[in-house]
Amino acid sequence: MYSRTTTLLSRSCRYLLRTPVYHKSPFSISARSFAAVNAAMADATSGVTADSLKSKLIDQLQAQHVEIEDLSGGCGQAFQAVIVSPQFEKKTMLARHRLVNSVLKAEIAAIHAWTPKCYTPEQWQALHQG
């Protein structure tokens, strides 16, 4: 006649309280990956120098003028370049950058930042006369 006043938990609630909750980390790294990251961080230099970039650009693009500045303080991670080449004639800025990036593909992969400024010989002369 009287209803029981005891609160009974439903089966699903009892299951949730009984099962331990394991939180999986959203990021995991294997021992091999960890070793590779440590090895890469131990070698702070990229092995790329301003001189090696300059010689490659002069050889492969027949560049008349190349200025390379190491912005990373000597560790070879960030470079800014001014490149003057007749091969840039009748090419858009994007096409010029793609041409330079194709010549320096391996070097660009090894460094952090690369900023080329590409000019034709006529554009370069106009910049220095004006």
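Before moving on, here are some points about what is shown:
- Residue ID - least open to solvent (accessible area, probe 1.4 Å), chosen from residues in the range 65-94 that are in a helix (DSSP H, G or I) and closer than 12 Å to Pro116 by Cα: Leu94
- Every listed requirement among (1) open to solvent by less than 40 Å² (accessible area, probe 1.4 Å); (2) under 12 Å from Leu61 (Cα atoms) is met by Glu107 save one, (2).
- With respect to being assigned to a helix (DSSP H, G or I) and open to solvent by 60 Å² or more (accessible area, probe 1.4 Å), Ser102 fits the description.
- Residue within the range 116-124 that is open to solvent by 50 Å² or more (accessible area, probe 1.4 Å) and under 22 Å from Asp51 (Cβ atoms) present: yes
- Answer residue from the range 46-64, given it is of a type in the set (S, T, N, Q) and free of Cβ contacts under 8 Å to residues at least 40 places away in the same chain and is surrounded by the fewest Cβ atoms within 10 Å (Cβ to Cβ) among those: Gln62
The values are calculated or read from the model by the stated rules, or taken from the named source; none is laboratory data. Since this is a predicted model, take the numbers as computed values, not measurements. Ideal geometry is used to build each Cβ from the backbone, glycine not excepted, and the neighbour counts take in all protein chains shown. Just the protein is used for accessible areas: all its heavy atoms, side chains included, with ligands, DNA and RNA removed. Shrake-Rupley method; radii C 1.70, N 1.55, O 1.52, S 1.80 Å.
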